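J.: Got a structure here, written out as structure tokens. Questions coming.
The values are calculated or read from the model by the stated rules, or taken from the named source; none is laboratory data. These numbers come from a predicted model, not from an experiment. Reconstructed Cβ throughout: ideal geometry from the backbone, glycine too, with neighbour counts over all protein chains shown.
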Amino acid sequence: MRHIFEAFCVCLTLLGAAACSEDPLVRAQISDAARRADYPKILPLNALLATRPEPVDVVALTGNLSSRAATLRARAARLRGPIVDTATRARMQAALERH
């Protein structure tokens, strides 16, 4: 049992070391402009919180989505019906049989 634990620790260490290495394919995708760019400025949390949008009214949003979903379901049910009504289909079939 101890050998399994030691093997697991070795594998975990090797996996961690591999994760820290640089991938040349990822490095090649970084543009020169991005490499030359300055680090982004760190803003105080209060400034970020002041610019956040107002909270969404979940009850109103859910009601709106529910009514919209019901409308779409009703439309889908109408679209599942026959495209050509029975009388028109009979008339078209009769015309085909004449020719």
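J.: Only residues that are surrounded by 10 or more Cβ atoms within 10 Å (Cβ to Cβ) and among the β-branched types (V, I, T): list them for the stretch 1-23, please.
T.: Hits for the stretch 1-23 are V10, T13.
For (1) of a type outside the set (G, A, S); (2) touching a helix residue (DSSP H, G or I) at 6+ places or on another chain (Cβ under 7 Å); (3) at pLDDT 85 or above, each residue gets a yes or a no:
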| site | (1), (2), (3) |
| --- | --- |
| F5 | yes, no, yes |
| F8 | yes, no, yes |
| A18 | no, no, no |
| D23 | yes, no, no |
| R27 | yes, no, no |
| D32 | yes, no, yes |
| R35 | yes, no, yes |
| K41 | yes, no, yes |
| N46 | yes, no, yes |
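J.: When the residues of the stretch 44-72 are filtered to those that are loosely packed, with under 10 Cβ neighbours inside 10 Å and outside any helix (DSSP H, G or I), which remaining residue is farthest from the chain's Cα centre (by Cα)?
T.: P44
J.: Before we move on, is A28 of a type outside the set (F, W, Y) and surrounded by fewer than 10 Cβ atoms within 10 Å (Cβ to Cβ)?
T.: yes
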